[in-house]
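Working notes, beginning with the structure itself.
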Amino acid sequence: GIKGDRPSHPELLDWLARDFMDEGWTLKRLHRMIVSSTAYRQSSVHRQELDAADGDNRLLGRMNVRRLEAETMRDAVLAVSGTLVDEPFGPPVPVSPDDVGQIVLAVDTRDSAGRPTGKVEPLGDNEFRRSIYVQVRRSMPLGVLEPFDIPQMTPNCEKRAVSTAAPQSLLMMNNPFVIQQAGLLASRVREKAGEDSAAQAVLAWRLVFGRTPTESDLQSGVEFLSLPDATPEEQLAALSHFCQALLSSNRFLYVD
């Protein structure tokens with residue numbers, strides 16, 4: 001439109017349009033070509049010479065930093081804690097308000113007037129299924145996903161919003177789901193790495209980030225986890241806090 005900016009790569013758009021038509025109007029082929037291109041597969045690491053020439057990255061000298069989508073974030077937390085259930089198909093996992101009105105994964109046992117009955121029906125392994133199988137209800141968005149811009153189906157979602165807001169950090173600090181999964185991750189780390197603080201820090205880092213920590217990061221982790229006079233319960237609590245800090249970090253929540 002006349003109020004919009006001109007495209008940054010008009011010749012590339014012309015070439016893509018011509019190629020799309022010449023090759024039979026095949027969207028799957030076009031998408032495959034784009035996502036396998038060098039430009040699409042770039043790292044988001046900043047370089048001084050590129051920042052000086054194109055600070056806004058309009059010319060696509062690097063990949064823009066991208067946060068995980070809400071559903072992917074939850075699935076990633078489940079995966080690193082070792083609890084993700086990847087069973088396909090079947091009925092959706094139900095959602096319902098809990099005692100404080102937060103929408104969680106649960107069977108709705110309220111009476112016809114919407115009052116709690118006190119009845120609890122366990123979900124079993126369904127509690128840890130992938131987010132794609134979680135029931136979507138416009139009036140009851142899942143609490144752990146809502147701050148991370150889940151699609152707003154009112155009445156439909158043409159494009160996801162992407163925001164950075166304080167409730168996202170607060171959720172990662174206080175949400176029962178995140179705390180639970182951090183505890184399960186800590187148990188997984190201690191079971192495989194033993195009681196050695198350095199081994200625990202390295203394994204937790206590798207599970208969460210998929211890479212080995214630097215010497216500085218490792219030293220900070222060991223200092224946090226080293227509690228000489230602590231009981232086993234206190235040591236596990238410290239490891240849980242360490243795992244939760246890793247899960248709450250930008251390195252885990254953002255794709256680089």
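Using only DSSP helix segments of four residues or longer, with each worth -39500 (n - 2.57), what per-residue ellipticity at 222 nm results for the chain after dividing by its residue count and rounding to 500?
-13000 deg cm²/dmol
In whole Å, what is the distance between the alpha-carbon centres of segment 145-185 and segment 51-76?
Comparing the Cα centres of segment 145-185 and segment 51-76, I get a distance of 18 Å.
Collect residues whose amide H, placed 1.01 Å from N in the peptide plane, falls under 5 Å from the amide H of Arg129; neighbours closer than 5 in sequence don't count.
The list, which skips near neighbours in sequence, is Val85.
Go through 196-205, 243-252 and give me the packing order, highest mean Cβ count within 10 Å leading.
Details: 196-205: 19.9, 243-252: 17.7.
Highest mean packing first, the order is 196-205, 243-252.
Towards the positive end of the charge dipole of the chain, with charges on Cβ (+1 Lys, Arg; -1 Asp, Glu), say which of Tyr40, Pro97, Ser197 has the farthest Cα.
About the Cα centre, the residue reaching furthest to the positive side is Tyr40.
Calculate log10 I(q)/I(0) of segment 137-242 for q = 0.16, 0.20, 0.23, 0.25 Å⁻¹, where I(q) comes from the Debye formula with a single equal point scatterer on each Cα and nothing for solvent.
These q points yield log10 I(q)/I(0) values of -0.80, -1.02, -1.19, -1.31.
Quick one: putting +1 on the C-beta of Lys and Arg, -1 on the C-beta of Asp and Glu, what dipole do you get for segment 51-114 around its Cα centre, in Debye to the nearest 20?
260
When the Debye formula is applied to the Cα atoms of segment 187-235, each taken as the same point scatterer, what base-10 log of I(q)/I(0) results at q = 0.19, 0.22, 0.25, 0.31 Å⁻¹?
So the normalised log intensities are -0.58, -0.76, -0.94, -1.24.
Which of the helices in the chain, when you take each full DSSP H run, stretch at least 20 Å along the axis at their Cα atoms and have an average Kyte-Doolittle score of 0.0 or higher? Let's see the in-between values first.
Working: long enough: 176-193 (25 Å, 0.14); 232-247 (22 Å, 0.39).
Length and hydropathy pass: 176-193, 232-247.
Sort 53-63, 105-115, 18-28 for me by packing, meaning the mean count of neighbouring Cβ atoms within 10 Å per residue, highest on top.
Result, highest mean first: 53-63, 105-115, 18-28.
Taking +1 at the Cβ of each Lys and Arg and -1 at the Cβ of each Asp and Glu, which of Asn57, Leu16, Gly210 sits farthest along the dipole of the chain towards its positive end, judged by Cα position relative to the Cα centre?
The listed residue farthest towards the positive side: Leu16.
Tell me the carbon and sulfur percent of the accessible area for the chain, rounded to whole percent, probe radius 1.4 Å.
Carbon-and-sulfur percentage of accessible area, whole number: 55.
The values are calculated or read from the model by the stated rules, or taken from the named source; none is laboratory data. Small disclaimer: the values here were computed from a predicted structure and weren't measured. With ideal geometry, Cβ positions are generated from the backbone for all residues, glycine too; neighbour counts draw on all protein chains shown. Just so you know, the surface numbers come from the protein's heavy atoms only, side chains and all, with ligands and any DNA or RNA stripped out. Shrake-Rupley method; radii C 1.70, N 1.55, O 1.52, S 1.80 Å.
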